[in-house]
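The values are calculated or read from the model by the stated rules, or taken from the named source; none is laboratory data. Worth saying up front: this structure is predicted, and the values here are computed from it rather than measured. We place every Cβ from the backbone using ideal geometry, glycine too, and count neighbours over all the protein chains shown. Keep in mind that these areas ignore ligands, DNA and RNA; they rest on the heavy atoms of the full protein, side chains included. Shrake-Rupley method; radii C 1.70, N 1.55, O 1.52, S 1.80 Å.
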Amino acid sequence: MKETLDDKKYNKLIVALSIIIPLAVAALFGIRIDVELPIFLPPVYAMINAVTALVLVLAFVAIKNKNITRHERLMKFAIALSVLFLLMYIVHHMTTDSTEFLGEGPIKYVYYFILISHILLSIAVIPFVLITYVRAITNNIEKHKKIAKITFPLWLYVAITGVVVYIMISPYY
């Protein structure tokens, strides 16, 4: 398939953000700020992940029902929620030590499988979300639909497993 000029215009930005975001998150993990936050963030950003999952499903239903306007609004909201989650996640890890999972036996392997797949796919989904969004805003709808079939389940998995990881580690906070 032929790339449009609009696609090319955004490609460098997509590549840059897909590299910069994970590297910035990793770098910020090494920075400690001695500040006590007024609220414990993990349940808040777990709730944001839960709402993101719900919004993604509602957006999927909207587009299946050919309600393009609702779909667009919900997807923009899902992106905003994901950005908000990321900011809270970074702030939490800059101000608080990581919590160790203390579960034993098979549940430990389940937890680490979910956690590692969540982390890896949260990195992998970034360019998919960006490309899918760009194809929508540039009105490249056929290419948008094609990549959205990959982006949607990846993003939904990341949102749901974010909640699952929180639930599994929450007894150890």
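Looking for whichever is in contact with an Asp or Glu (Cβ under 7 Å, 6 or more places away or on another chain) and of a type in the set (S, T, Y) here; the options are Y172, Y157, Y166, Y133. Which one fits?
On inspection, the qualifying residue turns out to be Y172.
Check I116, I79 and return the single one that is among the β-branched types (V, I, T) and closer than 20 Å to V15 by Cα.
Matching residue, one of I116, I79: I79.
Would you mind stating whether T69 is at pLDDT 95 or above and open to solvent by 50 Å² or more (accessible area, probe 1.4 Å)?
yes
Restricting the search to segment 129-153, which residues are hydrophobic (A, V, I, L, M, F, W, C) and either surrounded by fewer than 17 Cβ atoms within 10 Å (Cβ to Cβ) or at positive phi (or both)?
Scanning segment 129-153 gives I137, I141, I150.
Take the residues of segment 1-34 that are open to solvent by 70 Å² or more (accessible area, probe 1.4 Å) and not in a helix (DSSP H, G or I): which is modelled with the lowest pLDDT?
Applying the filter and picking the extreme gives M1.
Answer yes if at least one residue in segment 87-95 is of a type outside the set (V, I, T), at pLDDT 95 or above, surrounded by fewer than 16 Cβ atoms within 10 Å (Cβ to Cβ) and part of a helix (DSSP H, G or I), and no otherwise.
No - not one qualifying residue is present in segment 87-95.
Can you name the residue in segment 73-131 that is among the small types (G, A, S) and out of contact with any helix residue (DSSP H, G or I) (no Cβ under 8 Å at 6 or more places or on another chain) and is also nearest to A26 (Cα to Cα) among such residues?
Filtering segment 73-131 for residues that are among the small types (G, A, S) and out of contact with any helix residue (DSSP H, G or I) (no Cβ under 8 Å at 6 or more places or on another chain), the one nearest to A26 (Cα to Cα) comes out as S98.
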